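The structure under discussion appears below in the form of structure tokens.
The values are calculated or read from the model by the stated rules, or taken from the named source; none is laboratory data. None of these values were measured; they are calculated from a predicted model. Backbone-built Cβ (ideal geometry, glycine too); neighbour counts: all protein chains shown. When the accessible area is computed, the model is the full protein with side chains, heavy atoms only, and any ligands, DNA or RNA have been set aside. Shrake-Rupley method; radii C 1.70, N 1.55, O 1.52, S 1.80 Å.
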Amino acid sequence: MSVFSSAWVDGKISNIDKLLSENSDRKFMFILDTNFAIMSRYYITEREQFNKYYANQINDFLNVINVIKNKASRIVYTLACEEASRSKLTGNIDVEKYKLMVECVGKVFDIDFRSDLISKNELIEEDVSISKTPILLRNGLFKEHTVITYTTLLKAFLFKQFDSRASKIKIKEMFHYLADEINVFSPTSMSFVIHYLGNEPSILKGVKPNLGIKEILNKLYAASIDMIMPTQASQLAELTDYQEVPLFITFDKGIKLLFDSLLIIDEHYLGEGTKVPKYSTMIFYSSGWKDKDIHELYGYAEQVQKANRKKVIDKDFELRRLNKLAGRLEQELLLKIETLNEKE
């Protein structure tokens with residue numbers, strides 16, 4: 001199976017049974033992604049549709065259930081069920097749908113999970129069909145992290161689809177954008193940029209300008225949730241004082257590649273005493289880069305990061321600033337798509 005990922009494992013998890021047997025003294029928490037929650041709902045409520053739509057993934061799905069049943073010290077389902085219950089039209093979480101999602105996930109594991117919504121679920125009244133900014137600062141368990149990843153994805157998408165310059169030039173400019181404008185230069189974002197603006201086919205697969213603005217933004221928002229999962233998984237492990245190794249379940253090859261690109265090599269403390277993981281990163285050759293290119297891009301990223309470290313004084317102001325930046329990027333994307341349609 002190729003659906004298990006973890007930044008606590010060096011590279012890809014090629015054999016989950018071997019990994020678990022070789023670490024029989026460790027505890028494992030399994031973190032489900034949104035698609036697994038959706039699959040679980042279909043599996044329980046519409047088995048015929050499940051067998052038809054997920055025909056190529058049935059065996060992996062059933063094997064995942066078996067592995068988790070036998071090895072899980074904890075199953076983290078709330079992150080997946082919340083986003084799987086969020087309306088694409090209104091941005092709000094449907095509480096009844098959330099309860100159904102939790103019930104179905106519980107049934108596949110034969111566990112009675114709590115179905116009360118953890119998030120505040122603030123009511124969103126603005127139109128979210130052509131802008132996701134109303135959701136970003138109010139999206140429950142993911143809090144402010146999504147505004148960072150969503151803004152990163154928007155800018156990278158604009159570079160990828162509407163900028164004809166060489167990939168290296170775009171990547172280096174994107175590094176500056178991360179440092180100067182987004183003010184967050186994380187290992188996850190660096191890995192994403194190098195892979196996506198290279199030739200890695202699995203990241204944002206099928207997300208093209210011809211989809212139209214609404215569908216593009218839906219997919220970029222969903223991808224922004226996926227992109228913060230390495231951080232979410234690591235923070236959940238920190239809550240157990242790193243006694244439980246987080247394993248993320250995803251059928252998405254793009255987010256799995258990002259997980260496989262990261263390796264936790266150490267933990268250190270922030271100024272306020274919070275323990276956070278320290279990552280190393282790797283770039284796979286599927287992105288089209290040779291060793292020389294990878295060393296060049298890594299070196300450039302380090303230079304940019306060291307030269308542009310800014311301390312955030314007012315966190316709320318910074319998040320509002322990023323939300324406005326995301327809105328401007330959405331408008332830029334909308335204009336480019338309209339111009340493209342006019343030419344056709």
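One residue is enough: does segment 49-69 have a residue meeting the conditions within 20 Å of residue 109 (Cα to Cα), outside any helix (DSSP H, G or I) and open to solvent by 30 Å² or more (accessible area, probe 1.4 Å)?
no
Identify the residue in segment 79-109 that is in contact (Cβ under 8 Å) with a residue 60 or more places away in the chain and of a type in the set (Val, Ile, Thr) and, among all such residues, is surrounded by the fewest Cβ atoms within 10 Å (Cβ to Cβ).
The extreme case among them is 108.
Among the residues of segment 200-220, how many are of a type outside the set (A, V, I, L, M, F, W, C) and in contact with a helix residue (DSSP H, G or I) (Cβ under 6 Å, 6 or more places away or on another chain)? Give the derivation first.
Narrowing segment 200-220 to residues of a type outside the set (A, V, I, L, M, F, W, C): 200-202, 205-206, 208-210, 212, 214-215, 218-219.
Then drop every residue that is not in contact with a helix residue (DSSP H, G or I) (Cβ under 6 Å, 6 or more places away or on another chain), which leaves 200, 202, 209.
Selection size over segment 200-220: 3.
Condition check ((1) under 19 Å from residue 112 (Cβ atoms); (2) under 23 Å from the mean Cα position of the chain (by Cα); (3) touching a residue at least 40 places away in the same chain (Cβ under 8 Å)) across all residues:
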{"residue": "10", "(1), (2), (3)": "no, yes, yes"}
{"residue": "18", "(1), (2), (3)": "no, no, no"}
{"residue": "23", "(1), (2), (3)": "no, no, yes"}
{"residue": "33", "(1), (2), (3)": "no, yes, yes"}
{"residue": "49", "(1), (2), (3)": "no, no, no"}
{"residue": "52", "(1), (2), (3)": "no, no, no"}
{"residue": "59", "(1), (2), (3)": "no, no, no"}
{"residue": "71", "(1), (2), (3)": "no, no, yes"}
{"residue": "77", "(1), (2), (3)": "yes, yes, yes"}
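Residues that are exposed (fewer than 14 other Cβ atoms within 10 Å of the Cβ), touching a helix residue (DSSP H, G or I) at 6+ places or on another chain (Cβ under 7 Å) and at pLDDT below 95: does segment 13-32 have at least one?
No: segment 13-32 contains no residue that is exposed (fewer than 14 other Cβ atoms within 10 Å of the Cβ), touching a helix residue (DSSP H, G or I) at 6+ places or on another chain (Cβ under 7 Å) and at pLDDT below 95.
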